[in-house]
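Below is one structure, written out as structure tokens; the observations come after it.
The values are calculated or read from the model by the stated rules, or taken from the named source; none is laboratory data. Keep in mind it's a predicted model, so treat the numbers as computed, not measured. For neighbour counting, all protein chains shown are included, and Cβ atoms are generated from backbone atoms with ideal geometry for every residue, glycine included.
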Amino acid sequence: MDEIIFFLHLPRTAGTTLNAVLHENFPPEAILTVYSREDYQRCRMLDAEVLERTRLIEGHLNPESFEPPRLYGRPLRMFTLLRAPLERLVSEYVFQKSWPSNHLYAYLNENHISFQEYLTSDAPLLKFRGKNFVSHCLAGVFAQDRDMDEVLALAKKHLKECFCLVGIQERFDESLLLLSEEIGLHRLYYERRNMLRPGAISGIDDRDRALAAELNSADMELYAYACELFEQRVEEAGPAFAARLREFRFLNGKYQKMCALVDKSLLGEATGPILKPKA
């Protein structure tokens with residue numbers, strides 16, 4: 001039985017940009033996208049015909065099992081991207097409050113949820129959001145009474161043993177090139193998508209960040225571990241990888257400049273939205 005490629009998309013880790021690249025490499029009928037409530041309901045049960053043609057699953061969802069990686073009873077070839085936890089949390093909070101189509105937009109704004117409340121709340125919609133969310137997600141464990149050391153150890157085990165690649169958002173180009181070798185991507189040039197505009201993050205001070213660090217110590221340790229795994233992969237790629245990276249960045253820089261000119265001519269200068277209109 002052929003493996004399905006599975007992108008476990010953690011929020012605010014450049015996943016929208018990566019999805020755009022993936023969509024250039026897989027036909028639409030081979031991609032199963034699971035993000036919205038409607039997507040989850042539609043994909044709760046799949047016809048055999050749909051599953052047979054699916055080659056890529058992407059979304060904010062976990063596999064049904066990590067050991068071994070499986071979903072819909074099919075084996076998975078999984079990858080993901082991680083981001084520095086404090087930056088990811090701040091970006092997630094600002095994004096959730098500023099993007100009307102997001103499922104938490106109304107709740108956060110109508111209840112005037114501050115960043116500290118976002119971190120500490122035990123409300124059903126928020127109770128895991130600001131407290132080691134990534135560790136829980138990658139461990140496949142969402143239970144408040146579970147020992148956090150056990151959750152972290154399980155998340156580390158899954159990162160090392162269950163993913164064909166764990167990329168790093170801050171090293172996106174390197175992650176993309178390594179991924180292209182793992183799953184056979186050929187069209188790699190990209191525009192950055194869903195980025196917050198400069199100045200979008202305000203009102204979050206050092207005390208907020210200190211609280212976020214305190215509540216997310218497991219995620220911070222997990223991120224450091226992921227960076228170690230990633231560095232090993234880069235070293236294993238050898239000297240030729242650095243040359244390929246330089247060439248890719250040069251050519252993709254030209255591609256991004258061309259895209260920016262096209263966007264500017266079609267859309268004009270953006271005034272006001274907190275996100276780029278390309279999102």
(message) Name the residue that is farthest from the chain's Cα centre (by Cα), counting only residues in the stretch 197-216 that are assigned to a loop (DSSP other than H, G, I, E, B) and touching a residue at least 12 places away in the same chain (Cβ under 8 Å).
(response) G203
(request) Go through the stretch 68-91 and count every residue that is at pLDDT below 95 and among the charged types (D, E, K, R). (result) 1
(request) May I ask you to say which residue of E52, E29 is surrounded by 10 or more Cβ atoms within 10 Å (Cβ to Cβ), in contact with a Lys or Arg (Cβ under 8 Å, 6 or more places away or on another chain) and closer than 25 Å to R187 by Cβ? (result) E29
(request) Confirm whether I5 is out of contact with any Phe, Trp or Tyr (no Cβ under 7 Å at 6 or more places or on another chain), aliphatic (A, V, I, L, M) and touching a residue at least 24 places away in the same chain (Cβ under 8 Å). (result) yes
(message) Here is a check on your reading of the model: is L222 crowded, with 17+ Cβ neighbours inside 10 Å, part of a helix (DSSP H, G or I) and out of contact with any strand residue (DSSP E or B) (no Cβ under 6 Å at 6 or more places or on another chain)?
(response) yes
(message) I want to confirm something. Restricting to the stretch 197-219 and keeping residues that are hydrophobic (A, V, I, L, M, F, W, C) and closer than 14 Å to S91 by Cβ, which single residue is surrounded by the most Cβ atoms within 10 Å (Cβ to Cβ)?
(response) A212
(message) Is it the case, given these coordinates, that R53 is within 26 Å of A139 (Cα to Cα) and either under 21 Å from the mean Cα position of the chain (by Cα) or among the basic types (K, R) (or both)?
(response) no
(request) Pick out the one residue from N194, N252 that is within 26 Å of N25 (Cβ to Cβ), at pLDDT 95 or above and either loosely packed, with under 12 Cβ neighbours inside 10 Å or within 23 Å of the chain's Cα centre (by Cα) (or both). (result) N252
(message) Could you check the stretch 33-48 and list, in sequence order, the residues that are charged (D, E, K, R) and part of a loop (DSSP other than H, G, I, E, B)?
(response) R44, D47
(request) Could you grab me the full set of residues in the stretch 100-114 that are farther than 18 Å from E38 by Cα, hydrophobic (A, V, I, L, M, F, W, C) and assigned to a loop (DSSP other than H, G, I, E, B)? (result) I113
(message) Under 7 Å between Cβ atoms, which residue pairs at least 6 apart in sequence (or on different chains) link something in the stretch 54-82 that is free of Cβ contacts under 8 Å to residues at least 40 places away in the same chain with a partner that is charged (D, E, K, R) and part of a strand (DSSP E or B)?
(response) E64/R70
(request) Please go through the stretch 85-133 and pick out each residue that is closer than 12 Å to L215 by Cα and either touching a residue at least 60 places away in the same chain (Cβ under 8 Å) or of a type in the set (V, I, T) (or both). (result) P85, L86, L89, Q116, L119, T120, G130, K131, N132, F133
(message) With the structure loaded, tell me whether A279 is surrounded by fewer than 17 Cβ atoms within 10 Å (Cβ to Cβ), at pLDDT below 95 and under 24 Å from N25 (Cβ atoms) or whether it fails that test.
(response) yes
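Per-residue answers, yes or no, for (1) loosely packed, with under 15 Cβ neighbours inside 10 Å; (2) of a type in the set (D, E, K, R); (3) under 29 Å from H158 (Cα atoms):
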residue	(1), (2), (3)
Y72	no, no, yes
P85	no, no, yes
H103	yes, no, yes
E110	yes, yes, no
(request) Determine which single condition L61 fails, assuming it passes every other condition in (1) in a helix (DSSP H, G or I); (2) at pLDDT below 95. (result) (1)
(message) Of everything in the stretch 117-150, what is in contact with a His (Cβ under 8 Å, 6 or more places away or on another chain), of a type in the set (A, V, I, L, M, F, W, C), in a loop (DSSP other than H, G, I, E, B) and more than 15 Å from E92 (Cβ to Cβ)? Give them in sequence order.
(response) F142
